[in-house]
Amino acid sequence: MIRFLNSLSRTVEPFQPLDPAGKVVKMYTCGPTVYSFAHIGNFRTYLFEDLLQRHLEARGYTVNRVMNITDVDDKTIRNSSAANIPLAEFTKKFKTAFFEDMHTLRIKDADSYPAATDPENIAEMIAMIDFLIKKEIAYQAEDGSVYFRINRFADYGHLAHLDLDELRPSGRIQSDEYEKESLGDFALWKAWDAADGPVGWDSPWGRGRPGWHIECSAMATRILGPQIDIHCGGVDNLFPHHEAEIAQSESCTGKKFVRFWLHSAHLLVEGQKMSKSLGNFFTIRDLIDRGFTGREIRYALLRVNYRLQLNFTFDGMVEARQSLLRLDEWIQRLRDLAADEPPDMGYAPAVSDSFFAALDDDLNISAALAELFKQIRTTNQLMDANELRPGQATALLQWWENVNQVLQIHSDEEVIPTEVQDLLNQRATARTSRDWQSSDSLRQKIAEFGWTVKDTKDGQKITKTVK
């Protein structure tokens, strides 16, 4: 039985989808705001969501996942205006970069990527706001904007476990960029002002644009329906964004919006909050430029449970590389032993469910990876002692393929440049001749091409150098 810690109840609950047949899972994940390149903290969340989807699928579910693209808000308008580039053209660059980075990290595509500015989504937002105004749950203020009355939704604050009666009133909040302590009626529709420039849509309340919160409610319910099985996002979105989504959606539909809320914890960099001013702000592209691969970044950001803070370090990136090298060496040993032998499916370790059982427990990735490396350690010992048979090796490779359907950390199998391969061959000859001086000299020449050589009992192993 799969179990998740539900942010709404703050308890671990057994998971069962709304689907009467129990097979289809409706899942909504908050996507990027495309005003800049997404950073590694964003991708830590997207990777946890990818792990979640892949594990559900491994357990036999069909996942219908929607991830929104926020392409209109205060930041996108401000940055496009500063760059003197039309909003759509400005955000297109970062949308493209986002999808490139997602593919670099082997994150599975969602079934739908609705953008806030899509005409059908704007129409849905306007319809929802109109309904809320007619129910007197929302109102148009003197500034022309439309606001949601939080005192008209009795459950407001339940997700964040706040007592509405104890909230310090602070007036209406017009900005999308909330501080956590800034509580009060929130904007559903923001009246046009000069700072918006050409950005705006006509509505019954005048020209303007949607507030951030209504965008997700409209896109989620339009595509997935009034009720969703799982809604994910970073813990920083829990309040007020997800709280507002519940209030808006349930006020419109009269139904429980989301059954399971899953939130990933913050990412730190070298023990500190990530900040451009501290010089510890990194995008996926920054790490690629330093010589790391998407596979290594994926592993480093994935290996800590989503509910725990992840402290990103470059030492940790090197550790990730070493762990993956250990995995690669194990797989190659199994392949060499297995040859074309059919699998021995009676070999108990090859049919073990312990890896997946660990993920059943609120995606306990640390325990799951411990099961993987326990398998590696045990079977390496057996191969060292010549006690593992070819059919057992074949069966273990099949077990690995099933595990990797979830992890997606298979080797990139980088193409080694011809000139580097020639140097490797020369170095192998030098070592065979015990010409250590030439061996060291050739190692240095290989390093100048950006590759690092490691000598193992199975021969030379080569990897791209970390910059």
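Observations on the structure shown:
- Identity of the residue in the range 256-280, at negative phi and charged (D, E, K, R), that ends up surrounded by the fewest Cβ atoms within 10 Å (Cβ to Cβ): K276
- Any hit, the range 116-125, residues being over 30 Å from R152 (Cα atoms) and crowded, with 16+ Cβ neighbours inside 10 Å: no
- Considering the conditions (1) in contact with a Phe, Trp or Tyr (Cβ under 8 Å, 6 or more places away or on another chain); (2) over 17 Å from N305 (Cα atoms); (3) not acidic (D, E), R377 is excluded by exactly one of them, (1).
- Some residue of the range 134-145 being assigned to a helix (DSSP H, G or I) and over 21 Å from D193 (Cα atoms): yes
- Filtered residues of the range 296-347 (kept if in contact (Cβ under 8 Å) with a residue 24 or more places away in the chain, of a type in the set (G, A, S) and under 29 Å from R389 (Cα atoms)): S323, A338, A339
- Just so you know, in the range 434-461 the residues that are modelled with pLDDT under 80 and on the phi < 0 side of the Ramachandran plot include one that is surrounded by the fewest Cβ atoms within 10 Å (Cβ to Cβ), and it is K457.
- The condition of being among the basic types (K, R), in a helix (DSSP H, G or I) and modelled with pLDDT under 95 holds for only one of R335, R321, that being R335.
- Residues (open to solvent by 40 Å² or more (accessible area, probe 1.4 Å), more than 23 Å from the chain's Cα centre (by Cα) and closer than 14 Å to Q332 by Cα) located in the range 385-404: P390, Q398
- If you go through the range 20-49 and keep only what is at pLDDT 95 or above, out of contact with any strand residue (DSSP E or B) (no Cβ under 7 Å at 6 or more places or on another chain) and open to solvent by 40 Å² or more (accessible area, probe 1.4 Å), you end up with Y35, N42.
- Q392 being closer than 15 Å to Y347 by Cβ, among the polar types (S, T, N, Q) and touching a Pro at 6+ places or on another chain (Cβ under 7 Å): no
- Against the conditions (1) in a helix (DSSP H, G or I); (2) within 37 Å of the chain's Cα centre (by Cα), T452 satisfies every one except (1).
- Scanning the range 348-362 for residues that are part of a loop (DSSP other than H, G, I, E, B), charged (D, E, K, R) and open to solvent by 10 Å² or more (accessible area, probe 1.4 Å) yields one hit, D353.
- Conditions (1) crowded, with 23+ Cβ neighbours inside 10 Å; (2) touching a Ser or Thr at 6+ places or on another chain (Cβ under 9 Å); (3) of a type outside the set (A, V, I, L, M); (4) in a helix (DSSP H, G or I): number failed by T221: (1)
- The condition of being open to solvent by 10 Å² or more (accessible area, probe 1.4 Å) and either among the hydrophobic types (A, V, I, L, M, F, W, C) or over 12 Å from the mean Cα position of the chain (by Cα) (or both) holds for only one of A138, A97, A83, that being A83.
- Matching residues, the range 281-317, being of a type in the set (V, I, T), in a helix (DSSP H, G or I) and open to solvent by less than 60 Å² (accessible area, probe 1.4 Å): I284, I297
- Per the listing T379, T429, the residue uniquely at negative phi, modelled with pLDDT under 95 and either crowded, with 18+ Cβ neighbours inside 10 Å or among the hydroxyl-bearing types (S, T, Y) (or both) is T429.
- Condition check for I228: of a type in the set (V, I, T) and open to solvent by 60 Å² or more (accessible area, probe 1.4 Å): no
- Of the strands (runs of 3 or more DSSP E) contained entirely in the range 1-93, those carrying at least 3 residues that are touching a residue at least 60 places away in the same chain (Cβ under 8 Å) fall at 3-6, 24-29.
- The range 229-255 residues that are among the β-branched types (V, I, T), paired with ones that are assigned to a helix (DSSP H, G or I) (beta carbon under 8 Å, 6 or more apart): I230/L52; T253/T221
The values are calculated or read from the model by the stated rules, or taken from the named source; none is laboratory data. All values derive from a computational prediction rather than experimental measurement. Note that we place each Cβ from the backbone using ideal geometry, even for glycine, and neighbour counts take in every protein chain shown. Just so you know, the surface numbers come from the protein's heavy atoms only, side chains and all, with ligands and any DNA or RNA stripped out. Shrake-Rupley method; radii C 1.70, N 1.55, O 1.52, S 1.80 Å.
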